[in-house]
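The values are calculated or read from the model by the stated rules, or taken from the named source; none is laboratory data. Not measured: the values here are computed from a predicted model. Positions of Cβ are backbone-derived with ideal geometry, glycine not excepted, and every protein chain shown enters the neighbour counts. What goes into the accessible areas is simple: the full protein's heavy atoms, side chains included, and nothing from ligands, DNA or RNA. Shrake-Rupley method; radii C 1.70, N 1.55, O 1.52, S 1.80 Å.
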Amino acid sequence: MRKWQGATLSVMMAFTLAACGTGGGSTSPTTVGENPEEVVELTSENLQPEEGATLVIWEDKNQSSFIEQRAKKFEEKYGVTVKMEELPPTDQVTKLTTDGPAGLAADVVVFPHDKIGSASEAGLILPNDIFEAETAENTSDNALKAVTFKDILYGYPYSVETYALFYNKALYPEAPKNFDEIISFAKTFNNVKSNQYALMWELQQFYYNYAFLASQGGYIFGDNGMDSTDLGLNNEGAQKGGQFLQTLKSEVLPLKMGDVNYDIKKGLFSSGKLAMDINGPWTIADYRNAGIDFGVAPLPAIDGKPMTSFSGVKAYYVNAFTQYPNASKLLAAFLSNEEAQMENFDLNGTHPANKNVAADPKLQEDSINKAFLEQFNNSTPMPSLPAMDSVWGPITSAITDIWDTDKDVKASLDNAVKQIQESLATVQ
């Protein structure tokens, strides 16, 4: 990661442009001191909101209580009012694309980290410059990687998520350490006629199937997900992962891909016909409401290798077109600092990106939270390159061929990579 630089800022305009300039020089953002000729570096300690600033933030409905609580504290501290407008994070980059340049967008926005590439390349968001050092010091490595694009830190991360292994303790008292245990258990537990199975995950979603390829050495893009010319979806490790999927099809889950989805899994697990489910924290409440005595553990190892899951990170970003960049940066930092992430966990159960909050006994003494955080540390953030749009269709088709029709793994993955390369050639 490199610090955002702004050498081309003039002294008279620095207070505004320090937050949104695009220079590539070697000096830090600056503002004017009491002496007009004095240049003072803007830091997290001396940054102040613009006079008369008022802010709007886009956030999901389920975060409204948290935003309301923090907004009151922010206004007390800085004298800046904050209004929240409900908008799903997945829709925000699309809306920012049109509303940002028109001056109609929120000052602070939220979206999943895999949208950061398109937002950055379109010039929609400002770098996290003033709070860069603090963010880097306090954020878990995977979360920090996720909100950094082409060596520039943009995000103010506040929550992380990935999937792990749910297990029904009445059917399988202790979490399996490896897939050999699951395969052995399936031989005695599975009953196709009764629709009873040892393990399920959303077969149709590459979000989950990625873990089987990656755990054996497969990858999507090289250079930590930033080199779209280096595709690892058909390398030796990915092929081993595909072959292991075929083993699971024959020995653990003898169903077609279309026969398994989220609702089917949830129903079977809740009724005691599914012993284990690879799922995310979003399903915790459903299983608790079903009265199931369940545990959550990191994903089982495959051939002695830890299973690497896909992960996502939510973060705040500052709209590049905001009239109040200083106030917006202060708000993004205020909503994502250590105190805020602990409050968010208490209110909403969000798993923190902050290392100190993640290590707090309140989280670590809860086996479910601990399991998800452990798995996140062994996860791969979804690539944020816009090129990822070319990957989902071909690789999903390849996995379907591998699973449903037992097609040759190498040929299927080779074909997927060829399709991805052809698609990328038309958009680059």
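Results, tabulated for the structure shown:
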| item | result |
| --- | --- |
| If the convex hull is drawn through the Cα atoms of the stretch 216-343, its volume per residue in Å³ | 213 |
| Separation between Cα centres of the stretch 40-59 and the stretch 238-306, rounded to whole Å | 46 |
| Principal-axis tilt of helix 179-189 within the chain, Cα atoms, nearest 10 degrees | 50 |
| Alpha-carbon centroids, the stretch 403-417 and the stretch 156-205: separation in whole Å | 25 |
| Cα-based helix-to-principal-axis angle, 392-404 vs the chain, degrees rounded to 10 | 10 |
| Protection-proxy order for peptides 47-58, 230-241, each taking the mean of Cβ atoms within 10 Å per residue, highest first | 230-241, 47-58 |
| With DNA, RNA and ligands ignored, accessible area of ARG288 (1.4 Å probe; Å², nearest 10) | 140 |
| Shape category assigned to the stretch 84-156 from the gyration tensor of Cα positions, a/c cut at 1.5 | prolate |
| Gyration tensor verdict on the chain (Cα atoms; rounded if a/c is under 1.5, prolate if a/b is larger than b/c, oblate otherwise) | prolate |
| Accessible solvent surface per residue of the chain, calculated while the other protein chains remain in place, 1.4 angstrom probe, Å² | 43 |
| In degrees, nearest ten, helix 409-427 long axis to first principal axis of the chain (Cα) | 30 |
| Nearest-10 value in Å² for the accessible area of ASP180, using the 1.4 Å probe | 100 |
| Structure-based [θ]222 nm, the chain - -39500 (n - 2.57) summed over DSSP H runs of at least 4, per residue, nearest 500 | -12000 deg cm²/dmol |
| Links that overshoot a 32 Å alpha carbon limit, given the list LYS249/LYS305; LYS95/LYS362; LYS95/LYS370; LYS265/LYS314; LYS77/LYS150; LYS83/LYS370 | LYS95/LYS362; LYS95/LYS370; LYS77/LYS150; LYS83/LYS370 |
| For the stretch 37-128: rounded, prolate or oblate by the Cα gyration tensor [a/c cutoff 1.5] | oblate |
| Most to least packed among 371-380, 211-220 [average Cβ atoms within 10 Å] | 211-220, 371-380 |
